[in-house]
Amino acid sequence: MESVDDNADKAASRTLGQTLAAERERQGLSRSDAAQRLHMSAWQIEALETGAYEKLPKGTFLRGFVRNYAKVLGLGADAMLGLLPEEAPRDKKPGIVVPTQNIRFDPIGDRLQNPYVKAGALSVVALALGFAALYWVFYVRPTQQGGSVTVTRKPEAPVPALTPQKAPEIVAQAPAPVMPEPMKAEPPKAAAVKAAPPKVEPPKAEPARAEAPKPDAEKIKVGSDGKVIKFRFKGSSWVEIRDKKGKVLLSRLNPAGSEAEVAGQPPFNVIVGNAPEVQVFYDDHEFNLEPHTKVAVARFTVE
């Protein structure tokens, strides 16, 4: 088996790319396999093996690629670096080559001038203000208006404990002995005596009793000056009368058969219960309650 130094001696007569490609093929690796192990692209492996150094980074990065490729293949890194041609680019300030596109670094001030950036920033600010307004409306404002509400419960009255009551004792008493009643001796029957029939006197006529005079019907009179409104009650009725100042002149339950007379300054506000059983006279003229009655209650105003 050939050693690493023998492989390096044989590689001295070949270029760097040929040496790396020959060792890769000897190990049965494709360019994709080598690229996967080096975390590189297959076209970078191809450029390194074909000597197209202009497609690769310069200086330290190129030397790093060669060193890592040699380690993966098991070759001496220093020997492979010695095969790197002098004409290969060796800039002290290596540049980074991106195969797809160039990276553009714009100043922050230029980025803020972009209309899309401005629109995005304004949208974020508007959303933040909207969420803040909703939070204030639904959470902060109700707390300020309602304030704290303290609910206090009244202490419940203690429930008295139920104590079992003893059932009343029933004492059976023996029935008292029943004594037989003594036999009454019947008196001897007297001889039948024929007596004369008694005289029947005709009843004497009693003098007629004088009937007690009926008490006069109850009459109530309130006030003396002003217009007069009178009531006659065939049945019991509640009446309330107020004058023009709202003062209550009469407010009572009037029994059946009674009368009431109220004098004062009109207009009178009148409420009459059980109106069908009441007659009203205002200024000596009968007042019809039927147009003002609903469900047996009359409400009206007279001037």
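The values are calculated or read from the model by the stated rules, or taken from the named source; none is laboratory data. Keep in mind that what you see is a predicted model, and the values were worked out from it rather than measured. Heads up, the Cβs are rebuilt from the backbone with ideal geometry, glycines too, and the neighbour counts pull from every protein chain shown. Calculation scope for accessible area: heavy atoms of the full protein, side chains included, ligands and nucleic acids excluded. Shrake-Rupley method; radii C 1.70, N 1.55, O 1.52, S 1.80 Å.
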Self-check item: Point-to-point label distance, residue 30-residue 67, nm (Cα→Cβ direction, 7 Å offset)
Solution: 3.1 nm
Quiz item: Rolling a 1.4 angstrom probe over the protein heavy atoms, how many square angstrom per residue are accessible across the stretch 238-303?
Solution: 58 Å²
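How far, in nm, would the chain grow between residue 124 and residue 263 when pulled straight, counting 0.36 nm per residue and subtracting the alpha carbon separation? If you can, show how the numbers build up before the last one.
Working: separation 139, 0.36 × 139 = 50.04 nm, distance 8.23 nm.
Between residue 124 and residue 263, full extension yields an extra 41.8 nm.
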Quiz item: Taking 0.36 nm per residue of separation and subtracting the Cα-Cα distance, what length does fully extending residue 248 through residue 81 add?
Solution: 47.6 nm
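If packing is taken as the average number of other Cβ atoms within 10 Å across a peptide's residues, how do 283-292, 30-39 rank, most packed first? All intermediate terms of the calculation are to be shown ahead of the outcome.
Details: 283-292: 11.3, 30-39: 14.7.
Ranking the peptides 283-292, 30-39 by packing returns 30-39, 283-292.
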Quiz item: What nm distance separates the two modelled labels at residue 42 and residue 271, each placed 7 Å from Cα along Cα→Cβ?
Solution: 10.5 nm
Self-check item: Ranked by how many other beta carbons lie within 10 Å on average, peptides 130-137, 246-253 from highest
Solution: 246-253, 130-137
